[in-house]
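Scroll down for the structure; my scribbles are underneath it.
The values are calculated or read from the model by the stated rules, or taken from the named source; none is laboratory data. If you're wondering where the values come from, they're calculated on a predicted model, not measured in any experiment. Backbone-built Cβ (ideal geometry, glycine too); neighbour counts: all protein chains shown.
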Amino acid sequence: MHNQEPSLADIYLARRRIYNKVIRTPLIESRPLSKLTGSEIYLKLENLQTTGSFKLRGATNKIMSLEPEALEKGVITVSSGNHGLAVSCAARELGIPATISVSTATVENKVAAIKNMGAEVLMDGGTYDEAADVANQKMNDLNLTMIHPFDDPDIIAGQGTIGLEIIEDLPEIDTILVPLSGGGLMSGVALALKTIKPSIYVVGVSMDQGPAMVESIKAGRIVEVDEQPSLADALVGGLGRENHYTLNMVAKYMDEAVLVSEDEIAAGMVFALEEHHQVLEGGGAVGIAALLAKKVKHPGKHIAIVISGGNASMPTLMDLARSLSS
Ligand SMILES: *Cc1c(COP(=O)(O)O)cnc(C)c1O
C-alpha cells in the first residue's frame, strides 16, 4: 500500500500549504564564484530558512497533510539533527507532540535545539540506522505517525518548493548542484526543475566517505555504508532497510554525482564565511566545495547551488578558524 511518486502538481500544492510557515529564501549571485569559474553562480540560501535548514519545508508539508486523529497522537522521526529540528518546529507550530530519535553521534548543538523546541529526544542508537530501529519500535508501541526524513511523497514535494523558487528567480538556469544524502532534497528539486525545464543538468554532491545514495545507484539496490564522522554530518547515514521513492527518483534525475573530501568541504565553508559572511554547516557547503575543487564535469553558464543548511556547531567553526590561522 504505497502512494505514487509525487508530481509537479504536488509541489505546487505543497507550496500553497506551507507558504506562510516557511521563508522564501534569497537566491544571490556569488560574484567571487562567478569570477573563479567563468559561469554565473547563484546560491539558494536555505541556511537562512527557519530552523537553519530546508528540512522545515518537507516536515511542514507532511505534518499539515495528516488526519486529525494522527495529529492528536503525535509524530515521531529519526534524524541526524536538521530533520528532527524541523519536525519539532512544525509540530510545535501545530500544537502536537513530537518524539525524535537521534544517534549518539548527533552533533550537540542540534540535539540541544531539538530539546529547546519542546520535543522528546531518544538517544538509544549508536548509528543512524540503529536510531531508525528505535524510532520504528516506539512508533508501533504508541501508534505514532512516522515522519520519514526523505522517503515520503509529501516530504519530497515540500523540498521541491525550493526548485519552484529557484526557476522563478533564475529562468535561465541550466545547472543545479544539490547536496545529496537520502535524496529527498534532490528528488523534489529535480522533479520541479526538470518537469518545468527538462534540459537542466542535475548534479548531486555527497561526501566521499560513505555516500550511501551514490553507492546504491551504482549497485542498483540499497547498499549499507560505514558511517564515518564528517564535517557534513547532515549527509551521514544510510538509506534504511527499504526505499520506495528517492532511489528511483535520484537514479532518474541525477546526471552527475560528485564526491568531495573533508578538506574540500572545509574550503567551501571558509569560502562562504570569507566571501559572503554566511555560516554554513558542512552539508550546506558541499556544492561550493564541488565547484571550488573543479569537480563538476559539465558546469553550465547559469548555475544554482542549493545551500542546504547552516547549523554548524561553535566548536566546529572555531576549529575551522584555527586551521586558517595556522
Ligand atoms: C538533510 C540534509 C541534506 C540532505 O538531504 P536529503 O534529502 O537527505 O538528501 C543536505 N544538507 C543538509 C544541511 C541537510 O540537513
Being out of contact with any Pro (no Cβ under 6 Å at 6 or more places or on another chain), polar (S, T, N, Q) and surrounded by 18 or more Cβ atoms within 10 Å (Cβ to Cβ) narrows it down to one residue among SER261, SER199, SER216; which is it? SER216
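Could you list all residues from the stretch 60-87 that are of a type outside the set (Ser, Thr, Tyr) and under 16 Å from GLU130 (Cβ atoms)?
Going through the stretch 60-87, the residues of a type outside the set (Ser, Thr, Tyr) turn out to be 61-64, 66-76, 78, 81-87.
Once the filter is applied, which keeps residues that are of a type outside the set (Ser, Thr, Tyr) and under 16 Å from GLU130 (Cβ atoms), the stretch 60-87 yields ILE76, VAL78, GLY81, GLY84.
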Go through (1) touching a Pro at 6+ places or on another chain (Cβ under 8 Å); (2) under 24 Å from ASP151 (Cβ atoms) one by one and return the number of the condition GLU275 breaks. (2)
Which of (1) within 16 Å of the ligand (Cβ to nearest atom); (2) in the same structural domain as ALA105 (by TED's automatic domain parsing); (3) free of Cβ contacts under 8 Å to residues at least 60 places away in the same chain does VAL87 not meet, given it meets every other one? (3)
Return yes or no: is THR60 touching a residue at least 40 places away in the same chain (Cβ under 8 Å), out of contact with any Pro (no Cβ under 9 Å at 6 or more places or on another chain) and either farther than 27 Å from GLU168 by Cα or surrounded by 24 or more Cβ atoms within 10 Å (Cβ to Cβ) (or both)? yes
Of all strands (runs of 3 or more DSSP E) completely enclosed by the stretch 1-91, which ones contain at least 1 residues that are charged (D, E, K, R), in contact with an Asp or Glu (Cβ under 9 Å, 6 or more places away or on another chain) and at pLDDT 95 or above? 27-29, 40-45
Tabulated pairs, the stretch 39-55, first assigned by TED's automatic domain parsing to the domain that holds GLY183 and near the ligand (Cβ under 8 Å from one of its atoms), second polar (S, T, N, Q) and in a strand (DSSP E or B), C-beta under 7 angstrom, 6+ apart or interchain: GLU46/SER53
Given (1) without any contact (Cβ under 8 Å) to a residue 60 or more places away in the chain; (2) small (Gly, Ala, Ser); (3) within 12 Å of the ligand (Cβ to nearest atom), where does GLY282 come up short, assuming only one miss? (1)
Selection from the stretch 106-157 of residues that are touching a residue at least 40 places away in the same chain (Cβ under 8 Å), in contact with a strand residue (DSSP E or B) (Cβ under 9 Å, 6 or more places away or on another chain), within 16 Å of the ligand (Cβ to nearest atom) and not in a helix (DSSP H, G or I): THR106, THR127, MET146, ILE147, HIS148, PRO149, ASP152
Every pair of residues 6+ apart whose Cβ atoms lie under 9 Å, when the first sits in the stretch 286-298 and is over 12 Å from MET207 (Cβ atoms) while the second is assigned to a loop (DSSP other than H, G, I, E, B) and among the aliphatic types (A, V, I, L, M): ILE288/LEU280
Please list, ordered by first then second residue, the pairs with beta carbon atoms under 6 Å, 6 or more apart or interchain, first in the stretch 14-37 and closer than 27 Å to VAL270 by Cα, second surrounded by 15 or more Cβ atoms within 10 Å (Cβ to Cβ) and among the aromatic types (Phe, Trp, Tyr). LEU27/TYR42; GLU29/TYR42
Complete set of residues in the stretch 281-319 that are more than 23 Å from LYS55 (Cβ to Cβ), at pLDDT below 95 and part of a helix (DSSP H, G or I): MET318, ASP319
Give the residue, chosen from VAL223, VAL202, that is of a type in the set (A, V, I, L, M, F, W, C) and either more than 16 Å from GLY287 (Cα to Cα) or touching a Cys at 6+ places or on another chain (Cβ under 6 Å) (or both). VAL223
Determine if the stretch 237-255 includes at least one residue that is more than 24 Å from PHE150 (Cα to Cα), modelled with pLDDT of 95 or more and buried (at least 16 other Cβ atoms within 10 Å of the Cβ). no
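Just to check your reading of the model, which residue among SER30, SER39 is among the small types (Gly, Ala, Ser) and out of contact with any Phe, Trp or Tyr (no Cβ under 9 Å at 6 or more places or on another chain)?
Answer to the check: SER39.
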Among the residues of the stretch 260-281, are any under 28 Å from SER7 (Cα atoms) and outside the structural domain of VAL78 (by TED's automatic domain parsing)? no
Need the failing condition index for SER30 against (1) more than 16 Å from the ligand (Cβ to nearest atom); (2) in contact with a Lys or Arg (Cβ under 7 Å, 6 or more places away or on another chain), just the number. (2)
